[in-house]
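These notes concern the structure reproduced below.
The values are calculated or read from the model by the stated rules, or taken from the named source; none is laboratory data. Everything quoted here is computed from the prediction, not taken from an experiment. Glycine also receives a Cβ, built like all others from the backbone with ideal geometry; neighbour counts cover every protein chain displayed.
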Amino acid sequence: MIEATAGVLSDQTLVLNKSWAAIATTSVREALSMLFAGTARAVEPETYQIHGFDSWASLAVEAGEPCVRTVSLELRVPEVIVLARFNGKPRPRAAFSRRNLFRRDHNRCQYCGQRPGTSELTIDHVHPRSRGGASSWENCVLACVPCNRRKANRTPSEARMSLLSPPREPEWTPIMEVPVGRVRQAWRAFVSDAYWNAELQP
Ligand SMILES: [Zn+2]
């Protein structure tokens, strides 16, 4: 019988491979069962100490801290786990989605560089869709309403507008799989990229 602070078991845990690179997220429930089975160890976010199940279970749960309870144990929530064995799985690729495009472009118009707020930003097809332009990482950028209107059904060179940088597929990062506002601070040390800025200043 397992009890937990509300919602905790379906929260996300960051999964690191043996070389401590972030490769996935999983549910707290699954992370605990991996910890129990010995296929992963929990990482203490402040000290980076790693713990097997027994040593993790021996850590005290602070008052008010979310936790998971069994009949005999009170467990801290593992926010980060590291796989015990080599995992050859390549990093996932970044899903091409509206939300991830906003993250990649940091809510910034890729023509004029302004950040007018998400409701004032549109997705522009660099090579216009009506002329065969693909919906892809390499052909889509954020554009503010005035820039999008000005560019209209033209390429940037036809419109004499330039992009801040050539659009590319971003590297996968675990926060792409987590709803805004559900990213744990403890992950920060393991996810080194500029997406944090977009994430933390919506
Ligand atoms: Zn603009």
Determine which single condition VAL141 fails, assuming it passes every other condition in (1) among the hydrophobic types (A, V, I, L, M, F, W, C); (2) over 30 Å from GLU3 (Cα atoms); (3) part of a loop (DSSP other than H, G, I, E, B).
(3)
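Table: residues versus (1) outside any loop (DSSP other than H, G, I, E, B); (2) closer than 23 Å to PHE190 by Cα; (3) in contact with a Lys or Arg (Cβ under 6 Å, 6 or more places away or on another chain).
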position	(1), (2), (3)
ALA42	yes, yes, no
PRO45	no, yes, no
ASP54	yes, no, no
LEU59	no, yes, yes
GLY64	no, no, no
VAL68	yes, no, no
SER72	no, no, no
ARG99	yes, yes, no
Right, ARG149: surrounded by 14 or more Cβ atoms within 10 Å (Cβ to Cβ) and either more than 16 Å from the ligand (Cβ to nearest atom) or not assigned by TED's automatic domain parsing to the domain that holds GLN12 (or both) or not?
no
List pairs: first residue in the stretch 148-173 and more than 24 Å from ILE23 (Cα to Cα), second residue among the basic types (Lys, Arg) and surrounded by 11 or more Cβ atoms within 10 Å (Cβ to Cβ) anywhere in the structure, Cβ distance under 6 angstrom, at least six positions apart or on different chains.
ALA159/LYS151; MET161/LYS151
Identify all residues within the stretch 74-96 that are in a loop (DSSP other than H, G, I, E, B) and modelled with pLDDT under 90; write none if there are none.
ALA84, ARG85, PHE86, ASN87, GLY88, LYS89, PRO90, ARG91, PRO92, ARG93, ALA94, ALA95
Given the criteria at negative phi and either under 14 Å from the mean Cα position of the chain (by Cα) or at pLDDT below 95 (or both), does ALA159 qualify?
no
Out of contact with any Lys or Arg (no Cβ under 9 Å at 6 or more places or on another chain), of a type in the set (A, V, I, L, M) and either without any contact (Cβ under 8 Å) to a residue 24 or more places away in the chain or over 16 Å from TRP187 (Cβ atoms) (or both), is that true of LEU32?
yes
Residue ID - nearest to ARG93 (Cα to Cα), chosen from residues in the stretch 107-152 that are in contact with a Pro (Cβ under 8 Å, 6 or more places away or on another chain) and modelled with pLDDT under 95
ASN107
